[in-house]
Amino acid sequence: MAKKLKLPLDKQAIQDLRAGDRVLLSGTVYTARDAAHQRLYELIQEGKPLPFPIENQVIYYVGPTPAKPGQVIGSAGPTTSSRMDKYTPTLLEMGLKGMIGKGYRSEEVKKAIVEHEAVYFAAVGGAAALISKAIRSVEVIAFHDLGTEAIHKLEVENFPAIVIHDVYGGDFYEEGVRAFQQ
């Protein structure tokens, strides 16, 4: 059974999660891919404000496609998370508490997740059309020139994800490999 979480995340919700937990996320999520992450990082380095309040927020690594008539959003499947790894420790230090993507994270990111009490969720790759049904509204809030890779503010309801890395150092991918090898 999936755990229902309200966003933005609070400390208690994060501490209650364990690698392998299935969750349904509801609330605000911000999107950002490679180019947007680089710009966020540059703003931090320059001491400038970010385009959204990052504390306790969740970033979804996605570049959604344009909506077809009658839809809120087009396809909204996760992108490979490791491409954001060089920026992630800094964003976690700034107060980011959750990330949604697909694939493995670097050892540096996994350590930063534990250190800053955050969580990494995986969304199911290849299920972009299904995922988009959990998105209730979308608004471009920054870096409009990046097109689909601009930062979007999404309101989601029962967005399905799986906890991959928890605050205790749990790693669902490693657990899966160990279980398979037994």
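The values are calculated or read from the model by the stated rules, or taken from the named source; none is laboratory data. Computed from a predicted structure; not experimentally measured. Quick reminder, even Gly has a Cβ in these numbers, built from the backbone with ideal geometry, and neighbours come from all protein chains shown.
Taken over the stretch 121-150, the criterion of being assigned to a strand (DSSP E or B) and farther than 16 Å from Pro66 by Cβ is satisfied by Phe121, Ala122, Arg136, Ile141, Ala142. Taking the options Ala112, Ala118, Ala122, name whichever one is aliphatic (A, V, I, L, M), farther than 19 Å from Thr79 by Cα, at pLDDT 95 or above and touching a Lys or Arg at 6+ places or on another chain (Cβ under 7 Å). Residue meeting the stated conditions: Ala118. Do we find that Ala67 is over 20 Å from Ala122 (Cα atoms) and touching a Gly at 6+ places or on another chain (Cβ under 7 Å) in this structure? Answer is yes for this residue. Here is a check on your reading of the model: is Glu175 under 20 Å from Leu96 (Cα atoms) and either part of a strand (DSSP E or B) or touching a residue at least 60 places away in the same chain (Cβ under 8 Å) (or both)? No: the conditions fail for Glu175. Total residues in the stretch 1-37 satisfying the condition of being assigned to a helix (DSSP H, G or I) and in contact with a Phe, Trp or Tyr (Cβ under 7 Å, 6 or more places away or on another chain): the figure is 2. Looking at this structure, is Arg22 among the basic types (Lys, Arg), modelled with pLDDT of 95 or more and closer than 20 Å to Leu130 by Cα? Yes: the conditions hold for Arg22.
Taking Gly27, is it surrounded by 15 or more Cβ atoms within 10 Å (Cβ to Cβ), free of Cβ contacts under 8 Å to residues at least 60 places away in the same chain and either under 19 Å from Asn158 (Cβ atoms) or in contact with a Cys (Cβ under 9 Å, 6 or more places away or on another chain) (or both)? Criteria not met by Gly27. If the condition is being of a type outside the set (Lys, Arg), assigned to a loop (DSSP other than H, G, I, E, B) and touching a residue at least 60 places away in the same chain (Cβ under 8 Å), then the stretch 82-120 contributes Tyr104, Glu117, Ala118.
Here Met84 fits the description: over 20 Å from Ile131 (Cα atoms), touching a Phe, Trp or Tyr at 6+ places or on another chain (Cβ under 8 Å), among the aliphatic types (A, V, I, L, M) and modelled with pLDDT of 95 or more. Note on the stretch 1-18: residues that are surrounded by fewer than 21 Cβ atoms within 10 Å (Cβ to Cβ) and under 24 Å from Ala179 (Cβ atoms) total 5.
For the stretch 100-117, a tally of residues being in contact with a Ser or Thr (Cβ under 7 Å, 6 or more places away or on another chain) and closer than 10 Å to Tyr61 by Cβ returns 3.
On the basis of being among the β-branched types (Val, Ile, Thr), buried (at least 21 other Cβ atoms within 10 Å of the Cβ) and not in a strand (DSSP E or B), does Val163 make the cut? Taking the combined requirement at face value, the residue does not satisfy it.
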